[in-house]
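To start, the structure itself, in structure tokens.
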Amino acid sequence: MNYIDEFRNGEIAKKLVTDLEKSAHKVNRPITLMEVCGSHTMAIYRHGIKELVPQNIKLVSGPGCPVCVTPVGYIDAAIEIARRDNVIITTFGDMMRVPGTKSSLQAERGMGEDVRVVYSPVDAIEIAQNNKTAEIVFLGVGFETTAPTSAVAILTAERESVKNFSVLMACKTMPEPMIALMAGELKIDGYICPAHVSAIIGEAGYKPVVNKKAVPCVITGFEPLDILRGLRMLTDQVAEGRAQVENEYFRVVTPEGNRKAQDLLNTVYVKTDAVWRGLGKIPNSGFAISPAYEKFDAAKRFKVTVPEPKENPACVCGEILRGLKDPLDCPLFAKACDPENPIGACMVSSEGTCAAEYRYGNWRHNDA
Amino acid sequence: MTHDGIITLGHGAGGQMTGDLIDNIIIPILHRNSNSQELEDSVKIDMPEGDLYFTTDSYVVDPFIFPGGNIGHLCVHGTVNDLAMSGAKPVAISLGFILEEGLLIDDLKTVLRSIHDAARDANVLIACGDTKVVPRGKGDKIFINTSGIGVTRKALSIKGSGARPHDKILLSGTIGDHGVAVMSAREGLSFNSSIKSDTAALNGIVEVLLDANITIHTMRDPTRGGLATTMMEIAESSGVEIRLDERAIPVSKEVNGACEILGLDPMHIANEGKMVAFIPPDDAERALSIMRSHPLGDSAAIIGEVHQGRAGCVTVTSFIGGARIINKLPGELLPRIC
């Protein structure tokens with residue numbers, strides 16, 4: 001068993017599709033299901049799943065890509081710090097091309113600022129230890145999945161007295177925007193809950209969503225058979241009028257989640273209100289570095305102030321992140337905005353909805 | 001300064017040190033596959049009869065030594081393959097080095113030995129060369145440019161625009177090996193794997209196909225941008241639709257696993273020793289068995305076919321029977337963050 005081929009079996013897929021059709025037929029009205037994870041967005045496009053699901057099931061993408069939901073002001077702040085003397089910015093690669101108001105980290109690197117791509121926040125600590133006269137700032141972007149690794153970096157810096165290291169924190173939590181989206185214009189019949197985030201927060205993490213909004217939630221793996229089965233479980237809930245947290249990805253996700261990672265989050269961070277691109281401010285949906293570790297908080301260390309950020313008014317990223325529009329509804333898509341020269345964040349990240357459409361979608365041939 | 005073991009600016013200055021580098025390091029390693037005894041400003045090549053083909057490419061791979069090979073193999077294989085994909089038999093290549101001050105001479109020797117071996121195995125002459133040295137920080141250890149000339153048999157026209165409806169698409173082996181091997185060796189990306197670059201010269205396998213009188217409409221080696229980008233280019237320039245079957249495309253378990261971890265699609269990853277051939281249906285099965293009997297083609301497969309359909313469109317039937325469109329690789333491959 002290699003955990004890949006088994007979950008891509010065409011015969012089993014056919015059977016799951018038949019079951020899904022029966023279940024969707026029982027509902028007999030349009031069903032809107034939202035995935036809130038960029039890896040699901042990519043997998044749905046890559047395996048041609050939209051084409052396989054019954055016609056009355058509409059799959060929409062939500063705010064599941066951490067790069068996409070990071071507000072422009074954050075990029076502006078990172079650039080402002082990058083331009084200061086003797087600073088090395090360390091970041092995940094996806095952040096490099098995200099446009100700020102006037103520039104991007106990639107453009108800044110081209111102009112001579114020291115911006116380095118790392119694969120783990122712990123690599124940033126190593127850079128700090130090797131460059132003792134410089135200030136090393138890690139851009140802490142992500143959800144409950146990457147937030148614990150930034151926490152480990154902060155604890156490592158504390159333990160090893162790495163004084164020239166700090167984190168510009170913008171990590172976010174998933175359940176809160178799921179609750180917030182239920183009050184929006186789009187009627188959502190069920191959530192395909194993220195696989196990796198759920199590994200950390202467990203089934204328990206979605207109880208508030210179900211309790212407050214009575215919407216079916218199914219934790220779903222990233223392989224195509226996982227997704228088909230997750231869709232069927234959601235459709236069954238809709239058909240039977242249930243709203244529960246169910247776990248399709250039980251080979252990884254436990255009811256209580258990863259306690260060790262949760263402890264790290266609780267030790268190093270406090271919950272805070274956070275601004276989401278496209279969604280605005282959502283109460284209690286972000287992590288901030290707790291007072292005990294505030295010496296590692298880059299926002300405090302550098303006291304950044306940036307002017308009011310500006311976005312291209314034609315870009316519909318915000319509506320895409322709320323599931324209201326598709327990439328093809330955007331006048332900029334594949335014209336002024338493509339992965340080489342992205343205008344909106346949904347095009348930058350490899351897991352953004354526009355990037356998925358650009359890579360795997362039918363846009364090039366729509367008029368054929 | 002050769003005894004210090006590193007390249008210095010003096011090695012590129014054209015004087016005594018340059019002469020020493022050529023006489024003591026480069027020629028002794030390359031001599032059996034070059035005409036380096038005659039160090040003239042330009043060189044006369046005895047060309048066999050046929051249409052002349054000319055190509056050039058630059059190699060800047062980082063790191064320059066990776067699992068399964070190094071930049072020396074690449075710079076010979078890449079240029080040989082560009083000629084071979086037009087059906088041309090490679091005759092001679094040039095070798096232009098841009099070395100960064102501080103490069104270890106031992107590393108240069110490793111690269112030179114690989115160039116020698118690759119040229120010998122591909123049966124191509126290293127006809128001329130040049131060496132420049134740039135100050136530390138102005139280059140990245142070693143860059144190489146190679147240009148190559150070759151000749152085709154008479155009346156042969158194999159072009160990217162040659163694919164025709166009903167053609168079968170043959171792929172000579174597994175995809176993604178080179179790109180993943182290089183990524184696995186990159187600083188900061190700490191995953192260990194047994195994946196090796198597939199870097200290889202394809203002129204041998206092409207010769208065998210041509211010797212067997214297989215009709216070939218189009219050939220390409222899917223290098224940067226991977227199989228997906230190559231297919232898009234052919235669909236566009238031939239004005240046809242290409243339909244692939246993901247289940248038929250060979251990918252090794254290791255590459256598949258690495259791609260899952262890094263969030264990459266094997267179809268977008270570079271290869272350096274694989275080819276696709278567009279072959280009319282009558283010749284396809286015979287071509288497949290010829291490919292499979294060649295050491296570089298033992299996992300060859302028919303991965304799809306050409307349709308009249310929508311010009312410039314490439315569709316893939318996925319493992320689970322869904323269909324997707326594929327597009328060219330947009331921008332740089334970046335590992336995902338969650």
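Quick notes
- Inter-centroid distance (Cα atoms) of segment B:94-128 relative to segment A:188-255, Å: 57 Å
- A 1.4 Å probe over all protein chains sorts B:R310, B:R164, B:R324 by accessible area into B:R164, B:R310, B:R324, starting with the largest.
- The listed residues A:D273, A:D76 rank as A:D273, A:D76 when sorted by accessible area, largest first, using a 1.4 Å probe.
- Cross-link reach list, lysines versus B:K196, counting only Cα pairs under 17 Å and skipping chain neighbours closer than eight places: B:K253, B:K274
- The relative contact order of chain A, computed from alpha carbon pairs under 8 Å that lie at least 6 residues apart in sequence, is 22 percent.
- Pairs beyond 27 Å (Cα-Cα), from A:K335/B:K328; A:K50/A:K187; A:K163/A:K310; A:K187/A:K212; A:K172/A:K260: A:K163/A:K310
- The convex hull of the Cα atoms of the protein assembly as shown, projected and averaged over all directions, covers 32.5 nm².
- Nearest-10 value in Å² for the accessible area of B:D282, using the 1.4 Å probe: 150 Å²
- Note on segment A:142-184 and segment A:330-368: Cα centroid distance 28 Å, given to the nearest whole angstrom.
- When the charge dipole of the protein assembly as shown is built from unit charges on Cβ atoms (+1 for Lys and Arg, -1 for Asp and Glu) and taken about the Cα centre, the candidate among B:I93, B:L264, B:T199 whose Cα reaches farthest toward its positive end is B:L264.
- Expected-Rg normalisation [2.2 N^0.38 Å, Cα atoms] applied to chain B: 1.04
- Residue-averaged [θ]222 nm for the protein assembly as shown, counting only DSSP H segments that reach four residues, each worth -39500 (n - 2.57): -9500 deg cm²/dmol
- Electrostatic tally near B:T223: other residues with Cβ closer than 10 Å to its Cβ, Lys and Arg +1, Asp and Glu -1, net -1.
- Trypsin sites (Lys or Arg not before Pro) restricted to DSSP loop in segment A:320-365 with at most 11 other C-beta within 10 Å: A:K335
- Under 5 Å from the amide H of B:T223 lie the amide H atoms of B:N271, each residue being 5 or more positions distant or on a separate chain, with H modelled from the backbone and absent for Pro and chain starts.
- Electrostatic tally near B:L170: other residues with Cβ closer than 14 Å to its Cβ, Lys and Arg +1, Asp and Glu -1, net -3.
- Anisotropy class of segment A:215-355 from Cα gyration tensor, a/c 1.5 cut: oblate
- Given chain A, longest segment not containing exposed loop GluC sites (Glu not before Pro) (DSSP; at most 13 other Cβ within 10 Å): A:1-159
- Rg/Rh for chain A (Cα atoms only, Rh after Kirkwood) is 0.98.
- Loop GluC sites (Glu not before Pro), segment B:127-234, which have at most 10 other Cβ atoms in a 10 Å radius of their Cβ (DSSP): B:E187
- Placing A:V238, A:V268 in order of accessible area, with the largest value first and a 1.4 Å probe, yields A:V238, A:V268.
- Here segment B:2-152 carries DSSP beta bridges of which approximately 65% are antiparallel, counting only pairs with both residues inside.
- The shape of segment A:317-362 comes out rounded: with a ≥ b ≥ c from the C-alpha gyration tensor, a/c is under 1.5.
- Overall form of segment B:140-242 per C-alpha gyration tensor (a/c, 1.5; a/b vs b/c): prolate
- In segment B:92-173, the trypsin sites (Lys or Arg not before Pro) that fall in loop regions by DSSP, at most 16 other Cβ within 10 Å: B:R136, B:K138, B:R153, B:K154, B:K159
- Whole-Å distance, taken between Cα centres, linking segment B:6-29 and segment B:238-285: 43 Å
The values are calculated or read from the model by the stated rules, or taken from the named source; none is laboratory data. Here the structure is a predicted model, which is why all the values come from computation and not from measurement. Here the Cβ is made from the backbone with ideal geometry for all residues, glycine too, and neighbour counts use every protein chain on show. Heads up: the accessible areas ignore ligands, DNA and RNA and are worked out on the full protein's heavy atoms, side chains in. Shrake-Rupley method; radii C 1.70, N 1.55, O 1.52, S 1.80 Å.
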